[in-house]
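Student: Before I ask anything, here is the structure I am working with.
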Amino acid sequence: MSALKAIIYNCRKATYLTDKRMAGKITFKEHIELRIHLYGCAACRLYVKQSGKINEMIKALLKSPAANNIRLDDDFKNRMQVTINDELNKN
Amino acid sequence: MISPPTDHQLDPKNWVKAYADYLYMYAITRVNDEEQAQDLVQETFLAGLNAMSRFEGKSSERTWLTAILKNKIIDVYRKRSSGLKTRELANAEGEVDDFFNGHDGHWKEQYAPQPFGIDNYDPLEGKELNGILKKCMEKLPALWQSVFTMKHLDDEPTDAVCSELKISAANYWVIIHRAKLNLRACLQKNWI
């Protein structure tokens, strides 16, 4: 099977290149191959869209401001303070 | 020898009050485990005390402590994934092979992406689906979660993630791809 034919029929490779393209760089040749595949493959065109959306969602989730309300337990803090004081007094 | 003037000084008596919450939040968003995050904060302070003589005053106290914590988090990532690496990749191979036909690499009919709610979903507005995403992410192997967290939360470049987690660039892309395929399938299945 020629390289061109291989990518035209290969969704596994096309989705791999899609994620690699989004996250970093793919070669010019890979870029062309991907374009050709996507031209003829509706399922992978949808994958491109959804994969990009998932990246946005992950970023929004991880950076969500809800995390700013997290506080460390006071008892634990007090114990840490004691440990630190002990360490400081050692020296 | 006269040391250069420095702007920043260390005041360890004040660390808990000033930085414990910040460091805890930093840790918990990255290791996703309360107890482990607590331990990491404590270890960071103790390591800081031992390394005080090496503080040059070039960065702020908080930045300096955060850098110590970050190294400890990377150690956690490494520990979580050591030994599992080969097995996780092998398992993933199996999972990915389930999505595509072995002979031609085409989507299996039942796994081909379908349109679903995600297509018009605005992640900045709708927070209610974050729970589903979270559950789907928790199903991923530990190493993959580490890669995702470093990549998306800290915007770390690929080569930094690879060297910190000791994986090859080829493995990195394979992990990103497989994690994404699994996440997408999980979201499509569980989307309300």
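Student: Show A:LYS90, A:LYS59 ordered by accessible area, largest first, where the area counts protein heavy atoms only and the probe is 1.4 Å.
Tutor: Of A:LYS90, A:LYS59, the descending order of accessible area is A:LYS90, A:LYS59.
Student: With the crude spin-label approximation of a point 7 Å out along Cα→Cβ, what separation in nm comes out for A:ARG35 versus B:ASN101?
Tutor: 2.8 nm
Student: Could you compute how fast chain B diffuses translationally, taking Rh as the Kirkwood radius over C-alpha pairs and applying Stokes-Einstein at 25 °C with viscosity 0.890 mPa s? Give it in µm² per second.
Tutor: 127 µm²/s
Student: Would you pull out the residues with amide H under 5 Å of B:PHE100's amide H, same chain only if 5 or more places away, H placed 1.01 Å from N?
Tutor: B:LYS108
Student: A further question follows. Past the 18 Å Cα-Cα mark, which pairs from A:LYS49/B:LYS139; B:LYS134/B:LYS189; B:LYS108/B:LYS134; B:LYS135/B:LYS180; B:LYS134/B:LYS180; A:LYS13/A:LYS59?
Tutor: A:LYS49/B:LYS139; B:LYS108/B:LYS134; A:LYS13/A:LYS59, as the Cα separations exceed 18 Å there.
Student: Also: Place a point 7 Å from the Cα of B:ASN190 along the Cα-to-Cβ direction; which residues of the range B:139-167 have their backbone N under 19 Å from it?
Tutor: What the label zone holds, given the 19 Å backbone N cut-off, is B:139-149.
Student: Setting aside same-chain residues fewer than 8 positions from B:LYS166, which aspartates and glutamates have a Cα under 12 Å from its Cα?
Tutor: Correct list for B:LYS166: B:ASP75.
Student: Treat the protein assembly as shown as a sphere of radius equal to its Kirkwood radius over Cα pairs and apply Stokes-Einstein at 4 °C in a medium of 1.567 mPa s; give the translational diffusion coefficient in µm²/s, rounded to a whole number.
Tutor: Stokes-Einstein gives a translational diffusion coefficient of 61 µm²/s.
Student: Follow-up. To make sure I understand the rule: partners must be lysines, Cα under 23 Å from the Cα of B:LYS58, and not fewer than 8 residues away in the same chain. Which ones qualify?
Tutor: B:LYS13, B:LYS17, B:LYS70, B:LYS72
Student: Let me know the mean shielding of B:182-190 by other chains, meaning the per-residue number of their Cβ atoms within 10 Å of its Cβ.
Tutor: Mean inter-chain Cβ contacts per residue within 10 Å come to 2.
Student: Quick one: pull the percent of accessible area on the protein assembly as shown belonging to carbon and sulfur, 1.4 Å probe, ligands and nucleic acids left out.
Tutor: So the carbon and sulfur contribution to the accessible surface is 51 percent.
Student: Shielding of B:42-53 by partners, i.e. mean partner chain Cβ atoms within 10 Å per residue?
Tutor: That average works out to 2.
Student: Please give the Cα centre distance for the range B:143-188 versus the range B:38-67, rounded to the nearest Å.
Tutor: 28 Å
Student: By the scheme Lys and Arg +1, Asp and Glu -1, what is the net charge of all other residues having a beta-carbon under 15 Å from that of B:GLN114?
Tutor: Here the count lands on +4.
The values are calculated or read from the model by the stated rules, or taken from the named source; none is laboratory data. All figures in this text were calculated on a predicted structure; none of them were measured in a lab. Neighbour counts are summed over all protein chains in view; Cβ atoms, including those assigned to glycine, are modelled from backbone coordinates with ideal geometry. Areas reflect the complete protein model, heavy atoms only, side chains present, ligands, DNA and RNA absent. Shrake-Rupley method; radii C 1.70, N 1.55, O 1.52, S 1.80 Å.
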